[in-house]
2 protein chains.
Amino acid sequence: MRLRVDVLPRSDQDRGFQPFADTVLIVDTLRATTTAVTYLEQGAESLYLCPDLETALAFKGEGVILAGERNCLAPEGFDLGNSPVQALERRFDQHTVVMSTTNGTLAAVTAAETGKNIILASLRNAHAAARKARELATEEIAVLCAGSSGRIGLEDVYTAGVLCEYFISMTECSLDDGAQIALTVRRQFADPLEPLSKSRAAEKISQVGLESDIAYAAEVSRSTVVPMLVGRSGAALIFKG
Amino acid sequence: MRLRVDVLPRSDQDRGFQPFADTVLIVDTLRATTTAVTYLEQGAESLYLCPDLETALAFKGEGVILAGERNCLAPEGFDLGNSPVQALERRFDQHTVVMSTTNGTLAAVTAAETGKNIILASLRNAHAAARKARELATEEIAVLCAGSSGRIGLEDVYTAGVLCEYFISMTECSLDDGAQIALTVRRQFADPLEPLSKSRAAEKISQVGLESDIAYAAEVSRSTVVPMLVGRSGAALIFKG
């Protein structure tokens, strides 16, 4: 099995863009993929991931919760921001959560252009997500780190390393340079809270008073919910757990 | 001092592109920046770095050595490939070496669009390059890793980590996520030959029988030559030691 880690999303217009051949895990640890897992745990029927806020707003209506993020907070017209801890405060049964965030949802949309199986992964569902990817993949498992506005994120590379560690314990893998770097970062930090706290993303989240999201996102393999891409509605990707 | 590591080149059309505010060290350990240092050590008067082979070929003439690389070897019409060990076989006194390679020269051209001071760095000149950057920079030192055709390179992130270690020993620095990752990678490997040998770039170089370039590139701070951007000739960047 080829194991590939993309430390940043790249579009097909970028130099050296390599399409995803097979199974892709999208990682946006702080916080989109962590929050996505939480919505499904809290009963949401499905998740719509939208490339931009306008696409998300167009789904407004009965049974729909709009969750959006710009500069770490909920934009105007949205019911919720992107905080997993705030998502724990209520149930979402019989509701669809429609999400649009700065980095994570865009990474998912990019991956879905070429990948066969698209999975949302975070530290919280890392083991379950790795097992699901292993089950589905036939030739390549790719981890796509969302990063922050085009810059590499320590928290995402760390999570990619945790996923890679699971993969190499499950099957024989050839590692690309990105996977080797991710494993190195994972092995350097015994406590996941350390790399998450040291990231630029954590700094921004702390500035708006949502530090509790960081500790929550740093808990490893607490959830067995694995959001998988099951369909599309216009420009939105539909995920179910 | 802000310390920033870009693990891949980005152009101003890329999402989240951040211009270089100040001093930039270009790193293409295997092999362009290693070879560039060697040409100057071997007497070359100046180095021209060209964005493509056509630009390089246009400089053909008296006193000019054309050095180019595609798929690790010299393209047709070029005097030399991109091998530092082969560069050791002769002197280049009174000659200009005109280079075009797949990743390194392109990274330099990208950085020169916005950066104030552009320096070529490799493991071989790491300490001297770091000192020069420290001397010139007033607010930000950026390390730009060339990578391989748009993919992150273990060898370049390792070299960036070695440079960062010098910087933090010289002055107080704030580290971005890229710098933290590079330092982590640097600290994981006691022997520089290990990360270089494990990189995809090394695999490709070995396939064409140039393994000795890898061991040569892995020698740390053996050279005090620091190529600096001093001017332009058309689309070519002119570096002197």
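Taken together, B:Ser233, B:Ser221 contain a single residue that is under 21 Å from B:Ala36 (Cβ atoms) and either buried (at least 23 other Cβ atoms within 10 Å of the Cβ) or in contact with a strand residue (DSSP E or B) (Cβ under 7 Å, 6 or more places away or on another chain) (or both), which is B:Ser233.
When B:Val98, B:Val85, B:Val157 are checked against the criterion of being more than 14 Å from chain A (Cβ to nearest Cβ) and surrounded by 24 or more Cβ atoms within 10 Å (Cβ to Cβ), B:Val98 stands alone in meeting it. The residues of the range A:184-210 that are away from chain B (no Cβ under 13 Å) and within 21 Å of A:Arg151 (Cα to Cα), listed by number, are A:Pro192, A:Leu193, A:Ile205, A:Ser206, A:Gln207, A:Val208. Within the range B:101-123, being crowded, with 21+ Cβ neighbours inside 10 Å and over 13 Å from the mean Cα position of the chain (by Cα) holds for one residue alone: B:Gly115. Scanning the range B:5-26 for residues that are surrounded by 24 or more Cβ atoms within 10 Å (Cβ to Cβ) and within 14 Å of chain A (Cβ to nearest Cβ) yields B:Val5, B:Asp6, B:Val7, B:Leu8.
Residue-wise test of (1) in a helix (DSSP H, G or I); (2) within 15 Å of the chain's Cα centre (by Cα).
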| residue | (1), (2) |
| --- | --- |
| B:His127 | yes, yes |
| B:Val157 | yes, yes |
| B:Gly161 | yes, yes |
| B:Phe167 | yes, no |
| B:Ala179 | yes, no |
| B:Asp191 | no, no |
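How do the helices (runs of 4 or more DSSP H) wholly within the range B:38-123 filter down when requiring 1 or more residues that are in contact with a helix residue (DSSP H, G or I) (Cβ under 6 Å, 6 or more places away or on another chain) and free of Cβ contacts under 8 Å to residues at least 60 places away in the same chain: which remain?
Numbers: elements: B:53-57, B:84-87, B:104-112.
So the answer is B:84-87.
Bear in mind that the values in this text are calculations on the coordinates, not laboratory data. Everything numeric here is computed off the predicted structure, so don't read it as measured data. Methodologically, a virtual Cβ is constructed for each residue, glycine included, from the backbone with ideal geometry; neighbour enumeration extends over all protein chains shown.
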